[in-house]
Amino acid sequence: MRTDRRKPVKAVRQLRRIRSFYTGGFLLWAGSAAWTASHAPGGRQMWASLLLLGLFAGLLLTACVLLRRIEAAAPARAARRTAPGKPAAALAPE
(Lines give C-alpha, C1' and ligand atoms only; values in the text may rest on other atoms or scores of the structure.)
Protein backbone atom coordinates (compact mmCIF):
# COMPACT_ATOMS: atom_id res chain seq x y z
CA MET A 1 0.00 0.00 0.00
CA ARG A 2 1.84 3.02 -1.22
CA THR A 3 -0.68 5.51 0.12
CA ASP A 4 -0.25 4.22 3.69
CA ARG A 5 3.42 5.12 3.58
CA ARG A 6 2.80 8.58 2.11
CA LYS A 7 0.23 9.69 4.69
CA PRO A 8 2.71 9.89 7.60
CA VAL A 9 5.19 11.75 5.41
CA LYS A 10 2.53 14.32 4.51
CA ALA A 11 1.40 14.57 8.12
CA VAL A 12 4.97 15.11 9.32
CA ARG A 13 5.49 17.84 6.72
CA GLN A 14 2.27 19.59 7.72
CA LEU A 15 3.01 19.30 11.44
CA ARG A 16 6.49 20.76 10.98
CA ARG A 17 5.04 23.66 9.01
CA ILE A 18 2.32 24.38 11.55
CA ARG A 19 4.79 23.95 14.43
CA SER A 20 6.83 26.86 13.09
CA PHE A 21 3.64 28.93 12.81
CA TYR A 22 2.70 28.11 16.41
CA THR A 23 6.22 28.97 17.55
CA GLY A 24 5.94 32.37 15.89
CA GLY A 25 2.55 32.98 17.52
CA PHE A 26 3.92 31.91 20.88
CA LEU A 27 6.87 34.30 20.60
CA LEU A 28 4.64 37.15 19.40
CA TRP A 29 2.21 36.78 22.30
CA ALA A 30 5.04 36.28 24.81
CA GLY A 31 6.50 39.61 23.71
CA SER A 32 3.09 41.25 23.77
CA ALA A 33 2.35 39.91 27.26
CA ALA A 34 5.71 41.11 28.56
CA TRP A 35 5.25 44.55 27.03
CA THR A 36 1.69 45.02 28.30
CA ALA A 37 2.64 43.69 31.74
CA SER A 38 5.34 46.36 32.02
CA HIS A 39 3.08 49.19 30.79
CA ALA A 40 -0.30 48.22 32.24
CA PRO A 41 0.08 45.43 34.79
CA GLY A 42 -3.19 43.68 35.51
CA GLY A 43 -4.94 45.35 32.60
CA ARG A 44 -7.35 43.75 30.17
CA GLN A 45 -4.77 43.75 27.36
CA MET A 46 -2.26 41.90 29.51
CA TRP A 47 -4.78 39.18 30.34
CA ALA A 48 -5.82 38.86 26.70
CA SER A 49 -2.15 38.50 25.72
CA LEU A 50 -1.62 35.87 28.41
CA LEU A 51 -4.71 34.00 27.24
CA LEU A 52 -3.48 33.94 23.65
CA LEU A 53 0.01 33.01 24.87
CA GLY A 54 -1.47 30.02 26.69
CA LEU A 55 -3.50 29.07 23.61
CA PHE A 56 -0.45 29.07 21.35
CA ALA A 57 1.60 27.23 23.98
CA GLY A 58 -1.04 24.48 24.06
CA LEU A 59 -1.20 24.27 20.27
CA LEU A 60 2.60 24.16 20.03
CA LEU A 61 2.79 21.42 22.66
CA THR A 62 0.11 19.39 20.89
CA ALA A 63 1.88 19.70 17.52
CA CYS A 64 5.21 18.63 19.07
CA VAL A 65 3.67 15.61 20.80
CA LEU A 66 1.86 14.49 17.64
CA LEU A 67 5.02 14.92 15.58
CA ARG A 68 6.99 12.79 18.03
CA ARG A 69 4.34 10.07 18.00
CA ILE A 70 4.26 9.92 14.22
CA GLU A 71 8.04 9.85 13.93
CA ALA A 72 8.32 7.14 16.60
CA ALA A 73 5.66 5.00 14.92
CA ALA A 74 7.28 5.22 11.47
CA PRO A 75 9.17 2.07 10.58
CA ALA A 76 12.92 2.38 10.66
CA ARG A 77 14.52 2.26 7.26
CA ALA A 78 17.19 -0.27 6.44
CA ALA A 79 20.53 0.88 7.75
CA ARG A 80 22.48 -0.86 5.02
CA ARG A 81 21.61 -1.15 1.39
CA THR A 82 22.75 -4.11 -0.64
CA ALA A 83 24.77 -3.85 -3.78
CA PRO A 84 22.87 -4.52 -7.01
CA GLY A 85 22.66 -8.23 -7.71
CA LYS A 86 23.87 -9.35 -4.27
CA PRO A 87 21.55 -10.72 -1.60
CA ALA A 88 21.53 -9.12 1.83
CA ALA A 89 22.92 -12.32 3.38
CA ALA A 90 26.14 -11.90 1.40
CA LEU A 91 26.88 -8.66 3.27
CA ALA A 92 26.10 -10.00 6.73
CA PRO A 93 29.10 -10.60 9.02
CA GLU A 94 29.89 -14.19 9.84
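The values are calculated or read from the model by the stated rules, or taken from the named source; none is laboratory data. Predicted model, so just to flag it, every value in this text is computed and none were measured. In this analysis, Cβ positions are derived from the backbone assuming ideal geometry, glycine residues included, and neighbour counts consider all displayed protein chains.
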Query - Failed item in (1) in a helix (DSSP H, G or I); (2) farther than 23 Å from R69 by Cβ; (3) free of Cβ contacts under 8 Å to residues at least 12 places away in the same chain, with S49 passing the rest - result: (3)
Query raised in the report: Does L51 satisfy being at pLDDT 95 or above, loosely packed, with under 13 Cβ neighbours inside 10 Å and aliphatic (A, V, I, L, M)?
Result: yes
Query raised in the report: Do we find a residue being at pLDDT below 90, part of a loop (DSSP other than H, G, I, E, B) and of a type in the set (K, R) anywhere in the stretch 1-9?
Result: no
Query raised in the report: Counting just the residues of the stretch 12-43 that are basic (K, R) and out of contact with any helix residue (DSSP H, G or I) (no Cβ under 9 Å at 6 or more places or on another chain), which one comes out nearest to E71 (Cα to Cα)?
Result: R13
Report task. Determine, yes or no, whether R44 is surrounded by 12 or more Cβ atoms within 10 Å (Cβ to Cβ) and of a type in the set (K, R). Result -> no
Requested in this report: Go through the stretch 17-41 and count every residue that is among the basic types (K, R) and surrounded by 12 or more Cβ atoms within 10 Å (Cβ to Cβ).
Outcome: 1
Query - Any hit, the stretch 7-25, residues being over 10 Å from the mean Cα position of the chain (by Cα) and touching a residue at least 60 places away in the same chain (Cβ under 8 Å) - result: yes
